[in-house]
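None of the figures in this text is laboratory data; all of them are computed from the coordinates on show. These figures come from a predicted structure and were not determined experimentally.
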Amino acid sequence: MLFAQIRALLSELELEPPRLMRAVRAEREANRHLGAAVDVAGEIESLELTAEDADCVWNDWVDWSVCQFTCGGGESIRTRKVRIMAQGHGKACDGNARESRECTKNDCPVDCLWADWSKYSACSSTCGPGTRSRSRDFRQAAEFGGAQCVGNTTQTSDCNLGDCPIDCEYADWDQWGGCSRSCGKGTRKRFRSIAVQPSADGTPCEEIGSDMEETSCGQNSCPVDCVLTDWGLWELCDVSCGMGVTRRTRSVQAGADLGLGYAGLACESLSENKTCDSGVCPVDCELSDW
């Protein structure tokens with residue numbers, strides 16, 4: 001039927017109701033002139049369309065768009081357009097011309113990030129060479145396949161707060177020297193040298209001790225020579241007249257004889273004698289024999 005063919009063609013052309021009705025009238029006039037026995041009015045009623053009333057008709061949805069992000073969540077959209085606008089008392093289009101949906105729900109890789117270095121610790125030594133260290137932590141740990149942090153969590157460096165004090169050090173003592181006296185009480189000495197000189201406020205040698213020691217020696221007593229007092233006065237002559245003997249004496253003042261030491265020179269004589277003259281003795285008269 002010619003009208004059916006025209007209607008199919010018009011449908012393919014997506015004509016709106018007013019234009020469709022004009023096309024139907026044109027086809028009716030054509031059929032009348034051609035003498036076609038067609039119930040055009042019935043065909044028109046079958047379309048359920050009038051110039052005054054037409055429901056909205058959507059076109060099909062287009063394909064979903066590519067996700068805007070490759071990770072971490074994004075949005076994909078699709079759209080559609082109105083094929084036939086609502087006319088008269090027709091129903092409006094139901095729904096939206098745009099739809100969206102979440103896409104790429106997988107988490108994005110997060111690279112590791114270092115926090116700032118801490119301050120250096122105190123030097124491990126109060127003097128001389130030492131070490132000090134500092135540390136750092138992760139500000140952000142690597143996640144979901146992100147790049148790991150490169151480097152160490154600790155860092156060590158050399159430090160030196162100055163030379164350490166060095167105290168004086170003596171070498172060992174030398175042997176004792178000889179006694180200052182060959183007998184009696186004397187002294188002897190020994191010495192030591194400085195092995196390490198003090199530096200950097202180290203303890204001076206004088207505070208550690210002397211480089212010389214002295215001790216007594218000579219336990220054996222020295223020999224003591226005999227020392228005598230002066231001579232005493234001569235005693236009276238041992239006779240009252242004539243020639244006799246007189247004597248004088250002296251005593252030991254020092255020497256072994258008194259227990260004052262080892263024997264030295266011996267004592268000389270403690271007494272000496274000499275003759276004395278007491279004058280002419282009286283001579284009595286003597287008679288010869290008768």
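Taking 0.36 nm per residue of separation and subtracting the current Cα-Cα distance, fully stretching the chain between residue 99 and residue 75 would add 7.6 nm. For residue 185, no lysines have a Cα falling under 30 Å of its own Cα, not counting residues fewer than eight places away in the same chain.
Relative intensity of segment 66-199 on a log10 scale, I(q)/I(0) at q = 0.15, 0.19, 0.21 Å⁻¹, equals -0.97, -1.12, -1.18, per a Debye sum over C-alpha point scatterers of equal strength in the absence of solvent.
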